[in-house]
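The values are calculated or read from the model by the stated rules, or taken from the named source; none is laboratory data. Worth saying up front: this structure is predicted, and the values here are computed from it rather than measured. Glycine gets a Cβ as well: all are built from the backbone with ideal geometry, and neighbour counts include every protein chain shown. Areas reflect the complete protein model, heavy atoms only, side chains present, ligands, DNA and RNA absent. Shrake-Rupley method; radii C 1.70, N 1.55, O 1.52, S 1.80 Å.
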Amino acid sequence: MIRFIAVRLLRAMITIFAVVTFAFVVLRMSGDPAQVMLGPDVPQEAVDAFRRSWGLDQPLWIQYLAYIKSIFTGDFGVSMRDKASALDLVLQRLPATLQLTLPALLLKLVFGIPAGVYAALHRQSFADRGVILLAVLGFTIPSFVMGLLLVLIFAVILGVLPSGGQDTWVHGILPTVTMSIGGIGILARFSRSAMIEVMGQPYIRTASAKGLKWGDVVWNHALPNAAVPIVTIVGFMVGSLIAGAVVVESIFSWPGIGRLLIVSVSNRDLAVVQCILLIIAAAMVVSNLVVDLLYGWLDPRLRSNAAH
């Protein structure tokens, strides 16, 4: 078990290092922050002074080593736009993002998994076909299209919900529903497929032949064995909570991390963008690590194979 965890931790550290390096290089190749911050009409002397003050005149490898060193010391840089700590700016926006992402995740779990399980247990029925249709529509329609459609219906036509802002809890209904619809469809589809595969296994037929109640067969034998692929999808959703909020927060003018990322990218605010990408990468890696550990707990065969 110790080796199993050690291998996963090593992979997690390598992944975070790769993401940090990729983000650092791509951001510095995407444009000059001095030109974006100061504008196109400023004299060259002002541009050179700006670059010197932020260390952008140094060779790329020196900037990279300085950035890696600062991360290990807990310094994530200073925003070029706000002249404040990049980490503080991100943490200020984090509660607003969690106000959307956590309820959205709860809706995905509460509606997606039961719908998929119910459809699998009533295969080829009208309910099964309805779940499949709604699931396909849910995860194929892009979130920005779904958000605009919900705004059109509930804010413009019916006028029962606000189209944006964060003034009251009501303002969070449309963005939360927008973020959850696609995940509900994905979870319903994968839960259905996993349950159908498990229900066709010999041990399910054996359990039924022994006279066990159908509810006990489903709850004690089918669901635990169908949990592995479902846990995979849930882990991915947990890791991508912040990343998934980028488009939705922009549509509904929600002052969270996703909207801050869009503004920071357009302004070439390197420290803020790098900080957000690092947090997203860390969230993805941690969630995947937890999923791997759950794999070993749900199916000891996976833990044994990984150790070898």
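Key figures
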item	result
2 or more residues of a type in the set (A, V, I, L, M) and under 18 Å from Asn267 (Cβ atoms): qualifying helices (runs of 4 or more DSSP H) within the range 1-77	2-29, 33-38, 44-53
Selection within the range 78-97 - small (Gly, Ala, Ser), open to solvent by less than 30 Å² (accessible area, probe 1.4 Å) and not in a helix (DSSP H, G or I)	Ser79
Residues of the range 4-45 classified as polar (S, T, N, Q) and within 17 Å of Ile280 (Cβ to Cβ), total	2
Members of the range 4-34 found to be surrounded by fewer than 14 Cβ atoms within 10 Å (Cβ to Cβ), within 23 Å of Arg81 (Cα to Cα) and without any contact (Cβ under 8 Å) to a residue 60 or more places away in the chain, listed by number	Thr21, Phe22, Val25, Val26, Met29
Members of the range 254-290 that are among the polar types (S, T, N, Q) and either open to solvent by less than 20 Å² (accessible area, probe 1.4 Å) or touching a Pro at 6+ places or on another chain (Cβ under 6 Å) (or both)	Ser264, Gln274, Ser287
Among residues of the range 123-160, those that are open to solvent by less than 60 Å² (accessible area, probe 1.4 Å), among the hydroxyl-bearing types (Ser, Thr, Tyr) and in a helix (DSSP H, G or I), counted	1
Residue identified as in a helix (DSSP H, G or I) and within 25 Å of Phe139 (Cβ to Cβ) among Val273, Val263, Val228, Val217	Val228
Yes/no for Leu158 being among the aliphatic types (A, V, I, L, M) and closer than 19 Å to Val247 by Cβ	no
Residues satisfying the stated conditions in the range 73-96, i.e. under 20 Å from Trp54 (Cβ atoms) and out of contact with any Ser or Thr (no Cβ under 8 Å at 6 or more places or on another chain)	Thr73, Gly74, Asp75, Met80, Asp82, Lys83, Ala84, Leu87, Asp88, Val90
Check on Arg93, basic (Lys, Arg) and closer than 23 Å to Gly239 by Cα	yes
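Residues checked against (1) in contact with a helix residue (DSSP H, G or I) (Cβ under 7 Å, 6 or more places away or on another chain); (2) surrounded by 22 or more Cβ atoms within 10 Å (Cβ to Cβ); (3) more than 13 Å from Gly183 (Cβ to Cβ); (4) modelled with pLDDT under 85:
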| site | (1), (2), (3), (4) |
| --- | --- |
| Leu102 | no, no, no, no |
| Lys108 | yes, yes, no, no |
| Phe111 | yes, no, no, no |
| Pro114 | no, no, yes, no |
